[in-house]
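Data block below; observations after.
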Amino acid sequence: MAADVADWVVTSEVLRNFAIVGVAVVGLGLAWWRTSALNRQAAASAAQVTVSRREHAAEVFSRAVGLLGSDRLEVRIGAIHSLTALSSDFPELRQPVSDVLAAYARTRSEDFEAEPPDDDVSATIEFLHHGLEEK
């Protein structure tokens, strides 16, 4: 009778250990599944942020280029500073910003020898000068 009880105790311990291992395997599987789902969600969020940043940059670029044609000096200077900040934040836009500002400086500069250029042309020339130094 003592042998039957000992066998029963050993059998119950073995079954308990198998149950613990089974629950651990299922738990690990669920944890892996949840982690992979969270990683996919994080990747999708990062992609959405990238798209949003690019859309915002395109909007700022378009708006600033439009504001360069304003009659008000402070609006033109603000547009120039927006474009320079944009070129700092988005290195891939550095060349298009430089092209736009170079064209702007060419069209806005009349005769520098008669009088100094306007502040907006000076700011543009300063950006172009520093932009060429950084390359």
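All of the numbers you see were taken from the coordinates with simple rules; none came from a lab. Computed from a predicted structure; not experimentally measured. Cβ coordinates were reconstructed from backbone atoms using ideal geometry, including for glycine residues, and neighbour counts include every protein chain displayed.
Remarks
- Across GLU59, GLU13, GLU74, mean-square fluctuation computed from a Gaussian network of the chain (C-alpha pairs under 10 Å connected) peaks at GLU13.
- With the highest mean first, a sort of the peptides 23-30, 93-100 on other beta-carbon atoms found within 10 angstrom per residue produces 93-100, 23-30.
- Karplus 3J(HN,Hα) series, Hz, for region 100-108 with 6.51 cos²θ - 1.76 cosθ + 1.60 (x for Gly, Pro): 5, 5, 5, 5, 4, 5, 5, 6, 8
- Between HIS130, THR11, ILE77, the Cα set farthest toward the positive side of the dipole of the chain (charges on each charged residue's Cβ, about the Cα centre) is that of THR11.
- Selected from GLY27, ALA47, SER88, residue furthest toward positive end of dipole (the chain; charges at beta carbon): GLY27
- With θ taken as phi - 60° and the Karplus curve 6.51 cos²θ - 1.76 cosθ + 1.60 applied, the whole-hertz 3J(HN,Hα) list for region 115-121 is 8, x, x, 4, 4, 5, 5 Hz, x standing for glycine and proline.
- Dipole in debye (nearest 20) - the chain, about Cα centre, beta carbon charges: Lys, Arg +1; Asp, Glu -1: 860
- Full-stretch length increase - ILE20, SER70 - with 0.36 nm per residue and alpha-carbon distance subtracted: 10.6 nm
- Where trypsin sites (Lys or Arg not before Pro) fall in DSSP loop in region 1-85, at most 10 other Cβ within 10 Å: ARG72
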